1. Out of region B:180-200, which residues are within 17 Å of B:LEU93 (Cβ to Cβ) and surrounded by fewer than 17 Cβ atoms within 10 Å (Cβ to Cβ)?
2. Report yes if B:LYS62 is over 30 Å from B:SER338 (Cα atoms), at the interface with chain A (Cβ under 10 Å from one of its Cβ atoms) and among the charged types (D, E, K, R), otherwise no.
3. State whether one or more residues within region B:369-379 are modelled with pLDDT of 90 or more and in a loop (DSSP other than H, G, I, E, B).
4. Taking strands (runs of 3 or more DSSP E) that fall entirely within region B:264-356, which contain at least 1 residues that are more than 19 Å from the chain's Cα centre (by Cα) and not β-branched (Val, Ile, Thr)?
5. Which pairs turn up if I take residues in region B:148-169 that are under 13 Å from B:LYS118 (Cα atoms) and look for partners that are aromatic (Phe, Trp, Tyr) and in a helix (DSSP H, G or I) with beta carbon separation below 7 Å, at least 6 apart in sequence or on another chain?
6. With the requirement that a residue be away from chain A (no Cβ under 12 Å) and either modelled with pLDDT of 95 or more or in contact with a strand residue (DSSP E or B) (Cβ under 9 Å, 6 or more places away or on another chain) (or both), what does region B:303-338 give you?
7. When region B:388-403 is examined, which residues are found to be more than 10 Å from chain A (Cβ to nearest Cβ) and touching a helix residue (DSSP H, G or I) at 6+ places or on another chain (Cβ under 8 Å)?
Amino acid sequence: MIKTISTPREKKVTGCGECRSTCQSACKTSCTVGNQSCERITREENPEKINRK
Amino acid sequence: MVHIFNFENYNYIYDSGSGSLHECDKDTADYLKAKYECGAMPALSAEKIAEIEADISALKDKGLLFADEVKTAPMKPKDAKALCLHICHDCNLRCRYCFADEGAYHSEREFMSLETAKTAIDFLLKNSGNRKVLEVDFFGGEPLMCLDTVKKTVAYAKAEAAKLGKKFLFTTTTNALLLDDDAIEFFNTEMENVVLSLDGRKEVHDAIRKTRNGKGSFDLVIENIKKFVRSRGDKHYYVRGTFTSKNLDFSKDVIFLADNGFDSISMEPVVTDIADLQISDEHLGTVCTEYETLCNQYLERHKAGKGFNFFHFNIDLEGGTCLQKRVSACGAGNEYFSVVPNGDLYPCHQFAGDKNFLMGNVKDGIIRGDIREKFASNSLFTREECDGCFAKFICSGGCSANNYNFMGDMNKPYPVTCAMMKKRIECGMHALARKKDGKN
């Protein structure tokens, strides 16, 4: 039996939810600088509108 | 592609095309492995095989299994969004594994002037296009060695951003040695996130993170960090440790941190070529087993109501991330730059001081557009080794600097890092599943 645990709510070209989970690199601040920016910006810039472009 | 894996007695199927995670019984896992990967086909009844095939077919129809993967190149944002501001290239600690040459970055120890810091802010604002929210990470060396400059830079950035209808989010990465009441109050008022370096158990921390006179720094920072975390409320912070080949039992360090009241923890594998500290092939088996041990303890704590946030087990498969991010990672060298004390620009802190990657300076802007173009073009699709990897849309192809430093090519993933990454992702998926149904 196969049970689905999790699946994305919506596929988006851009406009994300929680980016901190993606860049799990060994480097020191890409996790606190790069990802955080993406998360905040897309949250505040209306992802739906961006996706329609 | 699908990735079939088990964590102890639990069996999972991750579909990288759809980003879906499924759980199945062992027979189904063995059948799928035999059919789509390798391994002996299990002896199953015709009814069981029909049941498995029906499940597969139903999920395929829903686009949740064997879904097509994205193959298109990412968009290339042209606007800057963040700076890593090396407010000083000096440090009050002498940590053996420091990638930054114990704060000096293989150059002279120096501090960024307020004028240069302001020019860096101007550079970011000028190059940020329509972006409303920008970010600055105060980095070093040790930023608390020049707190006054940090304070004045924050005040300047806020004022200039307000004129343009923009907003800054600030982060500081600190060793906490100078984290006094004044700094704590400032951080809690102005910093969106604070990253505090602490490696875990005293003996582990002290073996590497020493003061300039060669003594361990644990006793000098632990109470500062505790005091800060108690005062932090619900604002973001990470207590961030580094593990080396000297403490491959690093789950004990994570649990030590949790036992000390820290509920937001990260523990990174060291990035170094120092022979007796680096993580290499020979350590991978132990490291992967240790991640499993940590995952079990993480879930036990969660079940007991004493859960903590461990950065690398945070897998958000439902909210997901945007395609651009999934294929292009951190944005270093294109959306995000490091500024060293004299104002020179580099793709990120890991490249700081390497003249081959000097992109320009905050006064004159980006002079080496070719370097920016190169970084903007880096993606999953320029990393051939990533093509057959289940983890690619989660790790985003890894860290360019890490690839460059170990493999000599930003587009060649370092296999040791990949192996640890994949194990952490499997642990994260297991944790997600068990937390979700409460069966841990």
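1. Result: B:ASP180, single match.
2. yes
3. No - not one qualifying residue is present in region B:369-379.
4. Because the criterion is at least 1 residues that are more than 19 Å from the chain's Cα centre (by Cα) and not β-branched (Val, Ile, Thr), the strands (runs of 3 or more DSSP E) in region B:264-356 that meet it are B:344-346.
5. B:LYS151/B:PHE186
6. Result: B:PHE308, single match.
7. B:CYS389, B:PHE390, B:LYS392
Here is a yes/no grid of residues against (1) touching a residue at least 24 places away in the same chain (Cβ under 8 Å); (2) surrounded by fewer than 22 Cβ atoms within 10 Å (Cβ to Cβ):
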residue	(1), (2)
B:GLU223	no, yes
B:SER231	yes, yes
B:VAL239	yes, no
B:PHE250	yes, no
B:ASN260	yes, yes
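The values are calculated or read from the model by the stated rules, or taken from the named source; none is laboratory data. Computed from a predicted structure; not experimentally measured. So basically every Cβ, Gly included, is an ideal-geometry build from the backbone, and we count neighbours across all protein chains shown.
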